[in-house]
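Notes follow the structure.
The values are calculated or read from the model by the stated rules, or taken from the named source; none is laboratory data. What you see is a predicted model, and the numbers here were worked out from it, not measured in a lab. Here the Cβ positions follow ideal geometry from the backbone for every residue, glycine too, while neighbour counts run over all protein chains shown. What goes into the accessible areas is simple: the full protein's heavy atoms, side chains included, and nothing from ligands, DNA or RNA. Shrake-Rupley method; radii C 1.70, N 1.55, O 1.52, S 1.80 Å.
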Amino acid sequence: MRDMGTGAVIRQTLEAAPAPGVPIVAFDFDGTLTIRDSFTAFLRWRAGPARWALGLAKLTPAVVTYAHDRDRGRIKAASVREFLGGVDRATLEAEAERFAEFIWPRFIRPDALACWQDWGRRGAHRVIVTASPGITVAPFARRLGAEALLGTHMAFDADDRVTGAFTGPNCRGEEKVRRLRAAYGDDLKLAAAYGDTSGDTEMLAFAAEAGFRVFTGHP
């Protein structure tokens, strides 16, 4: 278990499940708790207008490939290599923290936040399950007071620098359910789950209460 900062302890995996009887509620992040994709927004913010435009131009071959194979993990890895390749972990964590502070007031859906807080008052164990890299979502998770975070694992080399690869599958679709079961056990029962795309279908089907695109509010 790794403490990723002050406040709630956010985990990529869990060593112990919540106490018996505590409801587990899963939230997608991008587009569900937020108004748009957080990782793209982070990369654009970090790069600045000129570097962002140049990077997108260099990603054209990857975009063309994606149009044929629809492999989200592959194009995400290409984006990481282009915009984050070689960045050390500490720098990336610090930048992710600054980004969360910068964009928070205009990024989190108020109705999603109200639902999140209501589950918290009811004593639920709230886990964010996202296709975005956990390292960039962690500052948001801490601000929300999340009990856990399951995201896509970004790879680092021996010098703790971003390689542009991932250490496991893109955390979407069936992978979300697999990650939840790996964290909480095969007998996991979700009290509720919330999502907004086809990448959340399996997770929503797994929950007793499913909320698909139920949050529409803007800050």
Fill in the blank from the handout: Expected sort for 100-106, 168-174 on mean C-beta neighbours within 10 Å, highest first, is 168-174, 100-106
Fill in the blank from the handout: Looking only at aspartates and glutamates whose Cα falls under 13 Å of K189's and that sit 8 or more positions away or on another chain, we get E209
Problem - Farthest positive-ward along the chain dipole, Cα basis, beta-carbon charges - from T40, A165, I135 - result: T40
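Using a/c under 1.5 as the rounded threshold, could you call region 129-180 rounded, prolate or oblate? The axes a ≥ b ≥ c are square roots of the C-alpha gyration tensor eigenvalues, and prolate needs a/b larger than b/c, oblate otherwise.
Numbers: a/c = 2.71, a/b = 1.23, b/c = 2.21.
Note, shape of region 129-180 comes out oblate.
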Handout entry: Near-label residues of region 87-116 by backbone N, under 19 Å of a point 7 Å along Cα→Cβ of A165
Key = 87-89
Problem - Enclosed volume per residue, in Å³, of the convex hull spanned by Cα atoms of the chain - result: 124 Å³
Problem - Distance (nanometres) between label positions extended 7 Å along Cα→Cβ at R70 and A19 - result: 4.5 nm
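What is the extension gain from D111 to K58, computed as 0.36 nm multiplied by their sequence separation minus the C-alpha to C-alpha distance, in nm to one decimal? Mind dumping the intermediate values first?
On the way: separation 53, 0.36 × 53 = 19.08 nm, distance 3.78 nm.
So the extension gain works out to 15.3 nm.
Once neighbouring chains are kept in place and the probe is 1.4 Å, which whole percent of the accessible area of region 78-159 is contributed by carbon and sulfur? Walk me through the intermediate numbers first.
Numbers: 1390 of 2960 Å².
Ligands and nucleic acids excluded, carbon and sulfur give 47 percent.
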Handout entry: Compactness of region 62-113 as Cα Rg over 2.2 N^0.38 Å, two decimals
Key = 1.54
Fill in the blank from the handout: Rounded to the nearest 5, the percent of DSSP beta bridges in the chain running antiparallel is 20 percent
